[in-house]
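Heads up, the thing below is written out as structure tokens.
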């Protein structure tokens, strides 16, 4: 198992460590609910150094990215980030990812930890235009500092005006005395904050400075358990659960990152355009439990008579709502909001209502 540069920080803080995407990662420190609410109400720090980073450079970098991703990279200006996905030849999703645009001919892709090698191989296979592709995942560390107090904490450590960095924008500057830190107004929690990218050698300094700056704000380290409940409350997809090689972006409600402009000819464009025009047989939907119970991944979704109409892809108890919430692919006949469906939990049919996501409003 690999370890991030923060392994000793996690074990020193008493984290429960478990394997995740080939790494030993902290699942929780003092409890998922407490960590979750710290991010919603104040500030928390996630070690996300297991994520993958791949540079795409050269004169044909844009042409290459327009071919392999679903969103329109041409719309970006330097300093912007974009959420997108890579469709496969059958309309499924190789991975969902972020594209950072630094300057013409220079982009950074941030991909899911479990898909780094798969994504890199996919890019090499489809690189017909001579783009420069460099996998630097093992040399970059990343912390996500999330929550309504994140700006106040981090502003103490940089001269960059963080309040001027808009959502899904980024800058490169000095942070905690370290040069060339990528400071990105992105995150996976819906609570606001930044993601910081820096060299592994600088990891200890960044961690210590962030926690010192946040001491009076109640800052705490947060594990992957609360990361999952935070993203679920916002209806954010998780690759391997809500998105896979067999799910299309149209089914997943990601039509907004799937652009069918004339100048963008991406993999499976025609197939996905047909899905958009003709409709799909199932849709990814959120639901809230009306009966007491916790929906879990792979639980069956049924109608009132117990006939299968879908499957849960993600589910948990929402610490904010204190109710069971989940996401799943549901037959289109039952996918309208306010429809009553049932989750099969240990052979019991528990009532749930299809709702519009996110589950909580900022």
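All of the numbers you see were taken from the coordinates with simple rules; none came from a lab. Fair warning: this is a prediction, and the values are worked out from it, not measured in the lab. Cβ atoms come from the backbone with ideal geometry, glycine included; neighbour counts cover every protein chain shown.
Brief remarks on what is shown
- Backbone N within region 71-90 under 19 Å of label point (7 Å from residue 136 Cα along the Cβ vector): 78-82
- For 180, 119, the sequence from fewest to most other C-beta atoms within 10 Å is 180, 119.
- Plainly put, region 282-355 has a radius of gyration that is 0.91 times its Kirkwood radius, both from alpha-carbon atoms, as the Rg/Rh ratio.
- Report summary: the helix-based calculation at 222 nm, which adds -39500 (n - 2.57) for every DSSP H run with n ≥ 4 and divides by the residues of the chain, gives -5500 deg cm²/dmol.
- Relative exposure of 94, 210, judged by other C-beta atoms within 10 Å (fewest first): 210, 94
- Listed by Cβ neighbour count within 10 Å, with the fewest neighbours leading, 103, 195, 300 appear as 103, 300, 195.
- Backbone N under 20 Å from the residue 311 label point (7 Å along Cα→Cβ), restricted to region 82-102: 88-96
- Among 177, 326, 193: highest mean-square fluctuation, GNM of the chain, C-alpha pairs under 10 Å: 177
- Separation of alpha-carbon centers, region 65-131 and region 274-319, rounded to whole Å: 29 Å
- Across 144, 81, 203, mean-square fluctuation computed from a Gaussian network of the chain (C-alpha pairs under 10 Å connected) peaks at 203.
- Between residue 126 and residue 212, the modelled label-to-label distance comes to 4.5 nm, taking each label 7 Å out from Cα in the direction of the beta carbon.
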